Amino acid sequence: MIITPFRTALIPAVEHLIGLGPPYVRRRTTSDYWLYAELFSSTCPVAVDHHDVFGVVIAFRSQDTPDDVYVQDVVTHPDHRRRGIARSLVDTVRQQASRWGCQRLYLTCEPDNLAARATWLSLGFTNIPADRTTDGVSVISNYKGPASTAPGTS
């Protein structure tokens with residue numbers, strides 16, 4: 001397995017992989033993936049082996065708060081989970097954030113996504129205090145817009 005920055009040549013494979021992510025991760029448009037590959041490739045690592053894509057992280061450095069990096073999507077192919085791929089991809093984002101001098105790495109997941117919550121805790125993330133609790137998880141109301149719920153983790 002090789003971890004490489006997201007490039008436009010990988011867009012079809014990444015779109016296919018992310019298409020396996022519902023209900024928690026949803027596919028975006030091809031033009032969105034072009035933007036990620038062209039403008040954010042240093043925080044969007046892809047796990048590949050030959051021409052197969054096994055995992056991807058979509059993350060961005062905040063332009064308004066440059067000390068912060070936000071992880072938007074993490075997807076590992078269902079046939080390749082529990083092999084350290086998500087850890088390797090998130091570590092790649094952490095290393096880039098560290099090179100930039102960033103202080104915080106944020107990610108979110110739905111309160112009922114138990115597998116993701118367990119993964120984030122195992123990677124050292126913590127649930128930050130929020131304005132309410134859902135299923136024992138501290139949740140920031142409207143974090144990603146009106147009517148959204150997601151535990152904030154850093």
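Quick note: the coordinates plus some simple rules give every number you see, no bench work behind them. Keep in mind that what you see is a predicted model, and the values were worked out from it rather than measured. Neighbour counts run over all protein chains shown; Cβ positions are idealised from the backbone, glycine included.
Search the stretch 17-40 for residues being assigned to a helix (DSSP H, G or I) and in contact with a helix residue (DSSP H, G or I) (Cβ under 9 Å, 6 or more places away or on another chain), and hand back the single one that is nearest to GLY84 (Cα to Cα).
This residue is ILE18.
For the stretch 1-21, how many residues meet the condition of being more than 14 Å from the chain's Cα centre (by Cα) and within 21 Å of GLU110 (Cβ to Cβ)?
Here the count works out to 2.
Give all pairs with beta carbons closer than 9 Å in which a residue from the stretch 1-12 that is closer than 14 Å to VAL57 by Cα meets a residue that is assigned to a loop (DSSP other than H, G, I, E, B); count only pairs at least 6 apart in sequence or on separate chains.
Filtered contacts from the stretch 1-12: PRO5/CYS44; PHE6/PHE40; PHE6/CYS44.
Could you count how many residues in the stretch 65-94 are closer than 21 Å to GLU38 by Cβ and over 10 Å from the mean Cα position of the chain (by Cα)?
3
Residues that are under 19 Å from PRO5 (Cβ atoms), at least 3 per element: which strands (runs of 3 or more DSSP E) completely within the stretch 47-120 meet that?
Passing ranges, in order: 52-61, 68-76.
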